[in-house]
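The values are calculated or read from the model by the stated rules, or taken from the named source; none is laboratory data. A quick note: this is a predicted structure, and the numbers were derived from the prediction, not measured. Virtual Cβ from ideal backbone geometry, glycine too; neighbours counted across all protein chains shown. Heads up: the accessible areas ignore ligands, DNA and RNA and are worked out on the full protein's heavy atoms, side chains in. Shrake-Rupley method; radii C 1.70, N 1.55, O 1.52, S 1.80 Å.
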Amino acid sequence: MSTTIEVPPVSPPAVPRGRRRNRPSGLLLYLLVRALLIIPTVFILVTLVFFLMRSTGDPITAALGGRLPADQLQERIREAGYDRPLLVQYVDYLGQIARGDFGRSLSDGRSIGEIVVTFGGATLELAVYALLVAFVVGVPLGMLAAKLRDRWPDATLRVLAILAYATPVFFAGLLLKLVFSVWLNVLPVAGRASTRVQIQFDSMPNPTGIYLIDAIRLGDGNAIGDVLWHAILPGLALGLLTAGIFLRLVRTNMIDTLGRDYIDAARSRGVGEFRLTRTHAWRPALIPIITVIGLQIALLLGGAVLTETTFEWRGLGFQIAQYLQARDFVAVQGMVVVLAIIVAVTNFVVDVIAALIDPRVRY
Amino acid sequence: MSAADPLAPPRVRGWKRLPVVRQLRQSVGLQRGMLVTGLVITGLFLLTALLAPFLAPYGYAQLQGADGRNFGAQVPPSAAHPLGTTVGGFDVLSRVIWGAQTALGAIVVAVLLSIVVGVLLGLVSGYFGGWLDRILVVVADAIYAFPTLLLAIVAAIVISGGQSSLGGGILAAAISITVVFIPQYLRVVRSEVVRVKSEAFVESARVIGSSSVRIMVRHVLRNSIRTLPLIITLNASEAILTLAGLGFLGFGIQPTKAAEWGYDLNKSVSDVAAGIWWTSVFPGVAIVLVVLGVTLVGESLNDLSDPRLRSRRRARRAAPAVATEPAP
């Protein structure tokens, strides 16, 4: 805590000026512009991925080259239309995506849309567990570190946060597996459910793919327990990585808000230290945190690919890894594009939330 | 920020002004502890990487000892193999040590490439503005929001050319990491350039007829790269993680070409379920240590460059604390 009185580095936001404006329409305009911005973002990524992937040649040669005779290979290439000029293929591809068709995997012939619907639930479920862990662990600890800044708890927590960031999520997963599944033998090694429960899910009508919801719909207490039991290690592995980032983020932003004049003002009015931290400093710190969480979702998806591979958690990331192994680049490209859209939309949602919380963002 | 310089500690000369050295002298207490720890770990990593041929008991692709007998697969730690052997019959210790070399190679190539390309693009984009600037910024933003690893996967597919063998694996991995980093450098340098180019000295240079290139290089660039050491350390740690992630997904470097920690971890997934711990723990710990060391350096530099986060000497030791406060 600095004893010197600082001149506020940033001029306080001019709130009164905004009051005159018609607030709802300002917000609507912001949302509209922000929503339209999704389109160029996705377009750029699609274009980039398309030309990058094509710059090495056609996907059929990549997948089957050397395994099929040359004439059959040519035949398949012609059938799939990969012998046409690149620009024609590109325009064609854009048209496909605009219609919501992301292509068909070469190795098992399933459409990307189908794959995403089948396995998206698993990835969503994992991401939610991980975010939950990250919030529960990262936010309170970050507040604690900011409050006890530069004392030993802060030092310990910061080193732990850096350690969480420095540990690759697949190594964390392997360590957790080694300790809890192999040595202590209390948690399952891999998978999303035991074989018995898995069979129940596979035979149920209209599964959501989110096993916890499916288990609740089955009304089977054992299945619910089994699903959660399987989710502990993957959720922890991915969640702790994110928790470290949250901790750092909350700490930095809280230090900033704790140094503001209104905190001193509140303290002089006799507001308790706990309330001071919980309400006065936390609320304003929340906005940058939410914005950065939007960026973390992209990181979370990347981490999901690795976590799912480590735990054989059959979600989108696991499938991408499978298709990579099979050199099925049509499927990889399709799924990467779908993930790009998911990321763009998520960022939009995060920005909307930030705008709803903080009026300053809208202008 | 720019106004802080006149109030900065009295000008020191020579090596004391070098980026890391300056911060080391500036740091106190806990922050100095973190910075020193980071520097020590990073130094050990550099030494290991450079001295790998002398430190490692065996080669990274060696399967037999001097007596011509195979090491054997998944042998527990013993006198001959202090950290055991892998499922492929390699010596774990040797591969961990040689892996440092691969990691260092990837970091150096990745950081150099992304600095050269990123700084150049950022400089041009920020200085000239206009439609080129807008396009670059929009593209950079789109890439920036995209999962790093997925982009690296796409880049790895492109660079490995759809072939299964990865010749020049380090280069391939480094380039895929570079693709991800360029937008970050572009954004940082561009925003600095935009700020610097409206300063009076740039205006004066233009008035006396300096060429654009000269202004860009001499006046703008030099004043725009102060934050780079920080980003470099942060990106170096990300480079290791991305390299390991690619290796773990099977885009690694072939074991006969080089030792790579992510590849070894990939091969150890099935070992773990069987209780064989030494094949995964040691390469994993190596990654953690290196990233930890580099990140500690980066974090400390970040804290020291940000006056709000910098811890100051206690008032009783340095009484005129107010005088050294950066101006608003």
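In region A:97-195, counting only helices (runs of 4 or more DSSP H) that sit wholly within it, the ones holding 2 or more residues that are more than 12 Å from chain B (Cβ to nearest Cβ) and open to solvent by 50 Å² or more (accessible area, probe 1.4 Å) span A:112-147.
Hey, among A:Ala298, A:Ala354, which residue is assigned to a helix (DSSP H, G or I), at the interface with chain B (Cβ under 9 Å from one of its Cβ atoms) and surrounded by 18 or more Cβ atoms within 10 Å (Cβ to Cβ)?
Working: A:Ala354 fails: at the interface with chain B (Cβ under 9 Å from one of its Cβ atoms).
Only one candidate qualifies: A:Ala298.
When region A:201-222 is filtered for residues that are surrounded by 13 or more Cβ atoms within 10 Å (Cβ to Cβ) and farther than 23 Å from A:Leu316 by Cβ, the ones remaining, listed by number, are A:Leu218, A:Asp220, A:Asn222.
Quick one: would you say A:Leu236 is within 14 Å of chain B (Cβ to nearest Cβ), in contact (Cβ under 8 Å) with a residue 40 or more places away in the chain and either within 26 Å of B:Pro147 (Cβ to Cβ) or open to solvent by less than 10 Å² (accessible area, probe 1.4 Å) (or both)? Explain how you work it out, then say what you get.
On the way: within 14 Å of chain B (Cβ to nearest Cβ): no; in contact (Cβ under 8 Å) with a residue 40 or more places away in the chain: yes; either within 26 Å of B:Pro147 (Cβ to Cβ) or open to solvent by less than 10 Å² (accessible area, probe 1.4 Å) (or both): yes.
Here the answer is no, as A:Leu236 does not meet what is asked.
Only one residue in A:Gly334, A:Gly317, A:Gly303 is surrounded by 20 or more Cβ atoms within 10 Å (Cβ to Cβ), more than 10 Å from chain B (Cβ to nearest Cβ) and in contact (Cβ under 8 Å) with a residue 60 or more places away in the chain, so which one is that?
Only one candidate passes the filter, namely A:Gly334.
The criterion of at least 1 residues that are in contact with a helix residue (DSSP H, G or I) (Cβ under 9 Å, 6 or more places away or on another chain), open to solvent by 60 Å² or more (accessible area, probe 1.4 Å) and over 29 Å from A:Gly173 (Cα atoms) is met by the following helices (runs of 4 or more DSSP H) wholly inside region B:165-281: B:169-197, B:200-207.
For every residue, the table says whether it meets (1) open to solvent by less than 60 Å² (accessible area, probe 1.4 Å); (2) farther than 24 Å from B:Ala244 by Cβ; (3) modelled with pLDDT of 85 or more.
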position: B:Gly65; (1), (2), (3): yes, yes, no
position: B:Pro76; (1), (2), (3): no, yes, no
position: B:His81; (1), (2), (3): yes, no, no
position: B:Gly89; (1), (2), (3): yes, no, no
position: B:Val92; (1), (2), (3): yes, no, no
position: B:Gly126; (1), (2), (3): yes, yes, no
position: B:Gly129; (1), (2), (3): yes, yes, no
position: B:Ala140; (1), (2), (3): yes, yes, no
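Evaluate region B:124-143: report whether one residue or more is more than 30 Å from B:Glu199 (Cβ to Cβ) and either hydrophobic (A, V, I, L, M, F, W, C) or touching a Gly at 6+ places or on another chain (Cβ under 6 Å) (or both). Break it down into steps so the answer makes sense when it comes.
Taking region B:124-143 and keeping what is more than 30 Å from B:Glu199 (Cβ to Cβ), we get B:142.
Subset that is either hydrophobic (A, V, I, L, M, F, W, C) or touching a Gly at 6+ places or on another chain (Cβ under 6 Å) (or both): B:142.
Checked region B:124-143: at least one residue is more than 30 Å from B:Glu199 (Cβ to Cβ) and either hydrophobic (A, V, I, L, M, F, W, C) or touching a Gly at 6+ places or on another chain (Cβ under 6 Å) (or both).
Quickly run through region A:196-214 and pick out the residues that are closer than 30 Å to B:Ala274 by Cα and part of a helix (DSSP H, G or I). Lay out the reasoning, then the answer.
Step one: filter region A:196-214 for residues closer than 30 Å to B:Ala274 by Cα, giving A:196-202, A:209-212.
Scanning region A:196-214 gives A:Arg196, A:Val197, A:Gln198, A:Ile199, A:Gln200, A:Phe201, A:Asp202, A:Tyr211, A:Leu212.
Scanning region A:75-96 for residues that are farther than 30 Å from A:Gly209 by Cβ and surrounded by fewer than 15 Cβ atoms within 10 Å (Cβ to Cβ) yields A:Glu75, A:Arg78, A:Glu79, A:Gly81, A:Asp83, A:Arg84, A:Pro85, A:Leu86, A:Leu87, A:Val88, A:Val91, A:Asp92.
Screening A:Ala243 on (1) within 30 Å of A:Phe171 (Cβ to Cβ); (2) open to solvent by 20 Å² or more (accessible area, probe 1.4 Å); (3) assigned to a helix (DSSP H, G or I); (4) modelled with pLDDT of 75 or more shows it passes everything except condition (2).
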